[in-house]
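Below: the structure, in structure tokens.
The values are calculated or read from the model by the stated rules, or taken from the named source; none is laboratory data. The structure displayed is predicted, hence computed values, not measured ones. Every residue, glycine as well, gets a Cβ built from its backbone with ideal geometry; the counts of neighbours run over all protein chains shown.
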Amino acid sequence: MNWIKENWPKATLFLAVYTTIPLVLFPMKQNFPLFLIWIQMPVYFLHQFEEYILPGGFLAFFNTKMLGSPREDFPLDTDASFLINVPIIFIAFLVSSVISTRFALCFGLWTAYFSIINALSHVVMFFKFRYNPGFAVSLIVNIPVGVFTVYYFASRQLASTGVQITAFLIGLAVQAAIMIYGFRILKPKIKGISNSVCR
């Protein structure tokens, strides 16, 4: 399990390519709206690849810049990163896409909103810290694909206003949960190591 926690980001580029190929070959031609739901997952795999592999460094950036930690590997470590990223992207995105395939498209729309909202947080960080791991894919891929998905569903009336609002609120709630975890649960842990450092 420790090996998986340490190495899961290394699979993201492969997964992005591997999942995009069948999506382009089959659902894109047969069901474009469903393709837009499924494509959110490989898009986010690319986002994670930039954050953790190339150029990587998101843990160090978030710990030192966002949380003000004196350590690059604390309090956000590989365990915490695993618990944030894998359940949301590898599991919740996948489950939502499968449910959208089997029952109704609207069940996966929240993933587009989450992708947009999370990407916008990287844009906001850019204005204060300049480049941050995940910013480039956020700007070039996450936001355009997410916004187009929302627009496509709205313009073709594939999701009602109520569904759009619900999807937005779910995406916002997931992002809020991540931020609360980071700033309300992880950040207070820094006080413990700060008090132990002689200055």
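Observations, loosely collected:
- Conditions (1) in a helix (DSSP H, G or I); (2) of a type in the set (Ser, Thr, Tyr); (3) in contact (Cβ under 8 Å) with a residue 12 or more places away in the chain: number failed by Thr64: (3)
- Of the candidates Leu109, Leu54, the single residue that is modelled with pLDDT of 95 or more, over 16 Å from Leu186 (Cβ atoms) and not in a helix (DSSP H, G or I) is Leu54.
- Where Ala159 falls short, out of the listed (1) assigned to a helix (DSSP H, G or I); (2) under 17 Å from Trp38 (Cβ atoms): (1)
- Flag for Val17 being assigned to a helix (DSSP H, G or I) and more than 20 Å from Ser96 (Cβ to Cβ): yes
- All positions within the stretch 105-133 that are farther than 20 Å from Ala92 by Cα and crowded, with 19+ Cβ neighbours inside 10 Å: His122, Met125, Asn132, Pro133
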